[in-house]
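Coordinate-derived values only; no laboratory data. Just so you know, these numbers come straight off a predicted model, no measurement behind them. Using ideal geometry, Cβ is built from the backbone for each residue, glycine included, and neighbour counts are taken over all protein chains shown.
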Amino acid sequence: MLVEYIAIFPEAWLFFGIIIMCAAAWVNFSGTCKTFYAISKWSILPTIFLTAVFYDRNIAAIWENNDYTTFFKIIIYLFSLSWIALLNKRFQNREKQSFIYYVYVLISLLCYSIGLSSREFWLTALAFSLCQFLNVMLAKIDADEESLHRIRYYRIFVLFFCFLLWIGILILYYQVGSSNYSDIFTFLTTNNDFSFLLKLSFVLIMLFFLFAVGVAPFHFWFAGIISGCIFPVAGFLTIIPSLGYFPTMINLLVNVLAPFYEWFVPVMVIFGVLSIFIGAIGANSEENLHRLFAYAELYYIGVFLTAAADMQNQSLIGTLIYLLIYVFSFFGIYTVFSGCRNKGEYVSQLKDIRGLSTQRPFLSAAFLGLMISLIGMPPLLGFLGKLSVVNSLVAAHSYGLMAIISFSILILACAYLKVITVIYFEPRNINFDRVDKNVYIYIVINILLIAVTILNPKYLIHDVEMMLAAIL
Amino acid sequence: MLIKLLFLILGAALISELVPKNKLPVLWSLFSSTAVLYFIYRLSLIGLSPEIYINYPWLKIPNLSVNLEIVINAANIYLVFALLLLSLLVLIQNTFGRETAKNSVNGLVLLNLLSTLMLVFAGNYMQMIVAVGVCDVLVFSSIDNVEAKKKYIYANFLADIGLLSIFAVILGQGGGLELSELAKYAQFGHHKDFVAIFLLICVFVKSGLFLFHGTYIGLYSLGFNRLNFVLYAATPLTGYLVLLKTESLLQISHYSYPLMQIFSVASVLWGAIGAIVIDHIKEKAVYLSLMFWGLVYAYTAFDSRLENLDFSLLLTASFLLSQILMLIYTAASNETDVSAMGGFLKNLKFTFVLTLLVLMSYFSILINLSAVNAILAWSGVILLLIVSAHIFSQILLGQSHADEKVQAMLKNPSLFLCLPIAVATVLICYYCKIAPWMLLLIMTGWLMFFIIRPLRRLDALYENDNLQEADYISMTYDLLIVTPVKIFGRLLWLTVDFVFVERTIINSIQKALNFMISIFQHLHSGTLSAAILFIIFGFLVVSIVWCYGG
Amino acid sequence: MESLSSLVNTVIVVPLLGMIFAAIAKENIKDNSNNALDVGILTVFANLFILWRLALKIDVTKDGWQIVEKFNWMENPKIEIVLGIDIFSLMLIAAVHLAVLLGMIGVRHYAYRQKALVVLSLMFLSMINGYFLASDFFSFYIFFEALLLPLFMMVGIFGDVKKQQILYRFFLYNLLGAVFLFIALMVLYNYQNVSIREVNRIVLAGRGEVLIWGAVFIAFLSRIPIWPSHYWISSVSVNISNPLVFIIANIIPLSGVYGLIRFFPVDAPEALDPYLLILEIISIITMLIIALIGFSKKDIHYKIFSYMTVYYIMYLLGALLPTDALLINIGFSFFSYLVIVSALEVIVAHIESQIGENNSCGVLYSIRRASIIFSFLILAAIGMPLSSMFLNNMVIFSGLLKFNIKMAVCILLAIILTSVSLLQQLFYLKYPSAEVLASPRECCITDISLKMFAFMLLIAILLVLSFINPLWFIG
């Protein structure tokens, strides 16, 4: 019995790392920036290894590790590790800040991991609620007055939607008599006649997830927060949360709340389409790079939502391929951003990267490739994602949605073109700092992975299929 | 043998083109002349009724299988000789006359000879069109004056496109490539009037008949020898040869012969008038050629086709007459205005004799042609008599207006220039059966005209600058076609491109996107109320779906 | 034949390898070294050699793909990349190679970001090769859209496009076309996965047929300067002074024409007939409008653009005829057409680089070598018997005249107008006006180098050879 608990060994290791970091902070703050980074690194690295080792261990009905959860956990850990490794110099001589950043990141990772593997609603809700508050805390690091003002609003909404989530879970518990996924699923499949309260609980839970992912019309917080926070946080908040919330939401909709779901498909589609348009137009209206890419992300989230709306096998394969590719590309873009510094500060405005190509041709080329990939242009990786999504929509005879997704990319492309134009066709007005070699290493790895994947995408697709088989 | 001879000419042409333009011109010209002379000699050895037929598969691409045909028989042997003779004369004149870039011109003359021969040999219209096109390119290259070049290429390019279109129509309707098959077009073809009329217009343009003669009038700035080469051995000739080869197509339309009649008669008359009233000696030569081509076309138009030998003789005679004008022009130190000549007879007696000889041969041919069509022949004789007598009388007998320098330098051109003309004239006389009494009568009449000069009052027109310098045809084309097209093009750019596309379509799209962005920015003001509005909207969507869709 | 099949993908791979070598080539602006450019030229020559080897093995008389190579790319959805070659593709690939080669020779003295220029042009070459070799839906689409990236970058960096909006429009408009194609192909693929030559086997229901084929049409037409898209294509074209970029930008309509040629089934669904008629009418109106504008404008770039557009549309209309018989003639004609236009552009760029902002009237008068080449090219361009355009255009005309004489006459009119425009330009550049002669230029105008002249003469010989026999290189 006790041996079952080995399934949470990776999370336990992560938790242990958090404790060690707190202890290190408590012992001495000065000169510990590198220590915090090392602790983070050595917390995450073994966690990745352990997650892979215990990829199929479960704890009765409350914890499940399978291909699906393991895959996403490893991806989250890998990206987080890369990200903190890439930006550790940002926290030099900023010990307190670095502690807060690393510890929040580690706690967030722990929460996402719990959320992904948990089979109990209360545990999932707890983990994700905590994640939401951690987002607030992360955003507050070194934020200016204006951003703090926005964060205050955001905190209110986080509270509100967490409240909705908990209400939803309580209602569900009240109706079903359990918060366990299996029990709920059994109950819902045996009782076809759903009460108002059951339906309400479903809606409330879904609203939280939609808010957490940042789907329109609950997207208002995302761009505001991202633009105000420091660069390491912006990158983290752009890449990681969607890898936590979105798979969990899919898992819930497929394995737990499936009987409820059918009527909710139009909502998903409407929100998805709305996200697509708001994201595309929003990106065009921005001069701030963080906000621009935040809106671009909204577009992609809209595409996930629209494509996955029917929660069928083919759609989910397409959507998850798209999700992975998008995250991969965004990571690449933020990696390039990390190489664009002027007098030690990361650039954030469009005008700051004017003529980047003349001084940093390699970074510019990577930027260009990644953005073109995000437009879905062949032969780059983004095309594979577009192909998967559109193919799934055509297979489902959703021609209208296919057309919306395909044509709306043109609006988003305008925004990307603006960025490309600024980088390549405009004269440079600032001197960029020397680029850390880590940035180049990450970009090269990124490009190599893209090249391998585009030349032989069978492995990626096979992995996604295997992963999905675990939950379908 | 024939292939070798053709390659000999090609080789000589390429050498002439590749050697420096003005290096050892006499040597290279003599070399080219020898090559042509050798060709004539070898050809003469096979007699006047040869049967040489060489068929070489040239092009085998889908939809098009073209053979290169080289045919010499009794039907074309005289024409081949005439072409060789004309080219030889041009080359010799080039050798000893004043010309710029002689080697290059020799090369072009030889290449043109080859392409014209290929046109003569052509048994299919692909070979024919290619030969015509190549000839155009060569003549274009040989013209060394910009305005003349312009006029030449515009007109002939259009004619070539026209020819191409006509044969494309025939090809598209399943007609074979063989010229002999064209007669069947009447049975299977469509757009017969279009084909026939368009074909006629194209050959008119190429031959520079009335209304299309502006192309050649502009050539007056060329060297005289070059001018004669173009007028008689090049493009106008190709036009006529095309007509001969495609004559069966004319029969498919009722309009073709009347049209040809109108144009040919008008050309003869306009040529005669022009030759009389225009002062410039080279322009006179052009009008004389217009008259000549008009006459030749008239024979076809009035259904009395010229025999191969007759046409060859007529062509040579006409060319020689033009060469005589060239000799006078050379003798008069390149004086261009006939009004500035006069009284040259005492210094140019030999030239005068040569002129009489050439005219006698010309008249003899025309008299012979009266058997084919008496009216045309005699009209030709009378017009030629009047025009030539008027021109030569003005130059040789009229009151001298030449300046002292010209007068002082005036003498018969060198023997090298005169002799070839004399030999060629003798050759003509040998081939055409001269009717001595008739010729005597005509020559008497000519001499009377020559001495009396009944049209001397028209000399006053030489003083009329408007008449001498006006280019009514070009002005008309410019006014009716070029300017409206340019204005229309400009208008289209303004309306279609600028106003419609730029200001309407593109601006609308741009404004629509800006409008959406402004709405977006209003909604995303970052205030609490905006956020609440979004949340309410989200809840509203869920509620509606719940109520109506769920 | 099996051993040759790998050569098909080599045609795509070689420029990519060249691109990598060019990217890492040492660039020294101070000593004016052209390492990257040399790599580029060598790459093009290498690929021409490979093409020649391929050509020797192709049976000209046979229809359809001759050397086919397949790669299993994906399992879900099942996508197989199929590459093949026929004589039509071969001619186009060869023409594009020669065009790019000419462009590269033409930019030899352009120091500004030469490496980037070579890298991008080799990328473009690889992509367009792939496009001409693609024989399945996906590879066709992939290369169709992938062409845009190098094009956009080249036009953006080297195009002297003053207004960025024009650049955006150009890219977005092309991207829109690609989206249409993508949608259509996805739907067609989900109906039945066939090769593009068998696309007419797919039977779509009622409106679907019109919509999908309509999307295919729009996609390819977006690349061809047909009204109203001609505007932003012309806006881009007239602003490009770099010959290589101009050539590449003007190869793009070829991708549209080629797409329609490959996709348009001879026995097209009847439901499309009215739309086809509308398309033909719009095409002809466009031809006439552009020819007229070209006639009235003085800008030589616009004149060349207008000439290219008219010919592209003529080829398009020839391809749209309900017969496949003209395909090979279109291929032969295309070959000369592209080479001529590219060579013309190189000379024009040389002239412009020499005169700067000065009046170009009579500039060729003092530069003899350039003048000879320019005259030859203009004469060949207007359809004199100096290249394979002459006879093959006649065959294409015959097809057009056979099916619709009124339409064909309008086409002829447009062709005449553009040709006369080119002639006007020849005279303008070649013969100085009296005013120009009266006040000679202050700046010294340099003729094209002897090497360039020799190369251009080779090109001229190549054109004449193509007139004598378009397939001279395979005997």
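Quick notes on this one:
- According to the Cα-based calculation, Rg over Rh for the stretch C:255-354 is 1.05, with Rh computed by the Kirkwood formula.
- Degrees separating the helix C:368-381 axis from the principal Cα axis of chain C, which is the longest one: 30
- Per residue of B:147-159, other chain Cβ atoms within 10 Å of the residue Cβ number 3 on average.
- Overall dimensions of chain C, expressed as equivalent-ellipsoid semi-axes from the Cα gyration tensor (√(5λ), whole Å, largest first), are 35, 26, 21.
- Note on chain A: Rg/Rh from Cα positions, Kirkwood definition for Rh, rounded to two decimals, is 0.95.
- Kirkwood hydrodynamic radius (C-alpha pairs) into Stokes-Einstein, the protein assembly as shown, 10 °C and 1.306 mPa s, D in µm²/s: 43
- For the stretch C:319-475, average projected area of the Cα convex hull in nm²: 10.8
- For q = 0.19, 0.23, 0.24 Å⁻¹, Debye-computed log10 I/I(0) when each Cα of the stretch C:297-359 counts as one equal scatterer: -0.77, -0.96, -1.01
- Kirkwood hydrodynamic radius over Cα pairs of chain B, then Stokes diffusion coefficient at 4 °C and 1.567 mPa s, in µm²/s: 49
- Relative pair counts by distance (%), Cα atoms of the stretch C:366-440, 10 Å bins: 17, 37, 26, 14, 6, 0
- C-alpha long axis of helix C:87-106 to longest principal axis of chain C, angle in °: 30
- Every Cα-Cα pair in the stretch B:379-530 was counted, and those over 20 Å apart are 78% of them.
- For the stretch A:242-316, projected area of the alpha-carbon convex hull averaged over all directions, nm²: 5.0
- The angle between the Cα long axis of helix C:389-403 and the longest principal axis of the Cα atoms of chain C comes to about 50 degrees, rounded to the nearest 10.
- All-pairs Cα distance distribution in the stretch A:150-255, expressed in whole percent, bin size 5 Å: 2, 11, 19, 22, 16, 11, 9, 6, 3, 1
- Shape call, the stretch B:480-549: gyration tensor on alpha carbons, a/c limit 1.5: oblate
- Cα gyration tensor, the stretch B:272-351 - rounded (a/c under 1.5), prolate or oblate: prolate
- Binning all Cα-Cα separations of the stretch C:89-227 at 10 Å, short to long from zero, yields these whole-percent fractions: 11, 34, 33, 16, 5, 1.
- Shielding by partners for peptide A:374-383, expressed as the average number of C-beta atoms from other protein chains within 10 Å of each residue's C-beta, is 5.
- Each semi-axis of the equivalent ellipsoid for the stretch A:1-139 is √(5λ) with λ an eigenvalue of the Cα gyration tensor; in descending order they amount to 27, 15, 13 Å.
- Area projected by the alpha carbon convex hull of the stretch A:261-472, averaged over all directions, nm²: 11.7
- Estimated dipole of the protein assembly as shown in Debye, rounded to 20 [Cβ of Lys and Arg +1, of Asp and Glu -1, Cα centre]: 2380
- Estimated translational D of the stretch B:288-470 in µm²/s (Stokes, Kirkwood radius over Cα pairs; 20 °C; 1.002 mPa s): 126
- Over the stretch B:205-265: Kirkwood hydrodynamic radius from C-alpha pairwise inverse distances, Å: 12.7
- Counting every C-alpha pair in the stretch A:90-186, the share spaced more than 20 angstrom apart comes to 50%.
- Panel note: the C-alpha atoms of the stretch C:162-320, placed on their principal axes, show extents of 50, 28, 22 Å (largest first).
- Kyte-Doolittle mean at least 1.6, axial Cα span of 20 Å or more - DSSP H helices of chain A: A:9-27, A:196-213, A:265-285, A:361-375, A:399-425, A:437-455
- Dmax and Rg, reported as Rg then Dmax, of the stretch C:36-102 (C-alpha, Å): 14.9, 43
- Legend: mean number of C-beta atoms from other chains within 10 angstrom of residue C-beta atoms, peptide A:268-276, equals 2.
- Each of the peptides A:239-252, B:176-189, B:475-488 was scored by the mean count of other Cβ atoms within 10 Å over its residues; in descending order, highest first, they stand as A:239-252, B:176-189, B:475-488.
- Structural size metrics of the stretch B:118-191, computed from C-alpha coordinates, are Rg and Dmax of 14.7, 46 Å.
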